[in-house]
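Some notes on the structure that comes next.
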Amino acid sequence: MTHSADNATIESQAPGVGGALTVPRIEVRGIAKTYHDGTVALAPIDLAVEDGEFVSLLGPSGCGKSTLLRIIAGLITSSSGEVKINGNARRAFVFQDATLLPWRRVEANAALLLELEKVPRQERADRISRALELVGLNGFEKSFPRRLSGGMKMRLSLARALALEPELFLMDEPFSALDEITREAMQRELLRIWGARGFTAVFVTHNLYEAVFLSHRVVVMSARPGRIQQIFDIPFEYPRADNLPADPAFAKLAQEVSDCLREAAR
């Protein structure tokens, strides 16, 4: 099922979504962004993301996906409109690059955000231990980043964010630098972690197959100035089967998303 841009504000009815909140976790209302040099990055956008939902933002390069994500995260301000995060949700942001400190060991890199938030030492240690175990890096606590593979570095970046115990997890193309096999493994790992933690996820990607595999809904954005072109409801049940991309129904839906992307890029 798809929604046109005119229906972009409707609340998600994705299966398996919905916690204690009676309102969406994220409400984007009329968000637009024009930079100081006059570049109009985003046209007014309305979007609601339910508590516990996994939503991917997809669109041509320069369409404002990352800008919208950063506005939701509070990293940059919008030119107009507002973002409402209901339930006072803790937010964590994962960048495209793992951004690890090479002189810090794994456990010290994982602790960085907790140190900045002045979390007490013992609680910090407990959270780091849980986060590293969750991403499969237990046993590598004393290693330096140079000893880690690309996939392990991204796991560490995820662990650092997970240690914040967020209700809202925002990710900006975290797997784009990985080879295809590692990327697919990280997609499965991310869904496993999301299933264990139950956070609300907003995920930016250029990879339509990744978006369809991970998400309850895929939001396709138009070329700049970015606006919502179409929203696709993804009907496949969680947990997602490893061989789901081979399913003809998956291929059919991916083709529909691809057609929409080509239209959006015009």
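The values are calculated or read from the model by the stated rules, or taken from the named source; none is laboratory data. Just so you know, these numbers come straight off a predicted model, no measurement behind them. Heads up, the Cβs are rebuilt from the backbone with ideal geometry, glycines too, and the neighbour counts pull from every protein chain shown. Remember, those area values only see protein heavy atoms, side chains included, never the ligands or the DNA or RNA. Shrake-Rupley method; radii C 1.70, N 1.55, O 1.52, S 1.80 Å.
Quick notes
- List ILE76, ILE26, ordered by accessible area with a 1.4 Å probe, largest first: ILE76, ILE26
- Rounded tilt (10° steps) of 150-162 against the dominant C-alpha axis of the chain: 90 degrees
- In a fully extended conformation the segment linking ASP126 and ASN86 would gain 11.7 nm over its present Cα-Cα distance, using 0.36 nm per residue.
- Carbon + sulfur, % of accessible area of region 123-266 - ligands and nucleic acids excluded, 1.4 Å: 49 percent
- Share, in percent, of DSSP beta bridges within the chain that are antiparallel, nearest 5: 50 percent
- Compared with the dominant Cα axis of the chain, that is its longest principal axis, helix 121-134 is turned about 60°.
- Model label zone, ASP247; criterion: amide N under 13 Å from point 7 Å along Cα-to-beta-carbon; scope region 188-218: 212-216
- Ranked order, THR22, THR39 - accessible area, probe 1.4 Å, largest first: THR22, THR39
- Once Cα extents along the principal axes in Å is calculated for the structure shown, the corresponding label among [x] 57, 49, 49; [y] 51, 44, 39; [z] 55, 40, 35 turns out to be [y].
- Each peptide in 30-36, 226-232 receives the mean, over its residues, of other Cβ atoms within 10 Å, and ordering these scores from highest gives 226-232, 30-36.
- A simple packing score, the average count of other Cβ atoms within 10 Å per residue, orders the peptides 134-143, 52-61, 162-171 as 52-61, 162-171, 134-143, with the highest score first.
- Computed 3J(HN,Hα) for region 34-47, one whole-Hz value per residue from the Karplus formula 6.51 cos²θ - 1.76 cosθ + 1.60 where θ = phi - 60°, is 10, 7, 4, 7, x, 5, 8, 7, 10, 7, x, 10, 10, 7, glycine and proline marked x.
- In the chain, Cα pairs under 8 Å separated by at least six residues give a relative contact order of 28 percent.
- Between 0 and 90 degrees, the angle of helix 106-116 with respect to the longest Cα principal axis of the chain falls at about 70 degrees.
- Counting only lysines at least 8 places from LYS153 when in the same chain, those with an alpha carbon closer than 18 Å to its own are LYS142.
- Within straight-line reach of LYS84, meaning a Cα separation under 30 Å, sit the following lysines at least 8 residues removed in sequence or on another chain: LYS33, LYS65, LYS118.
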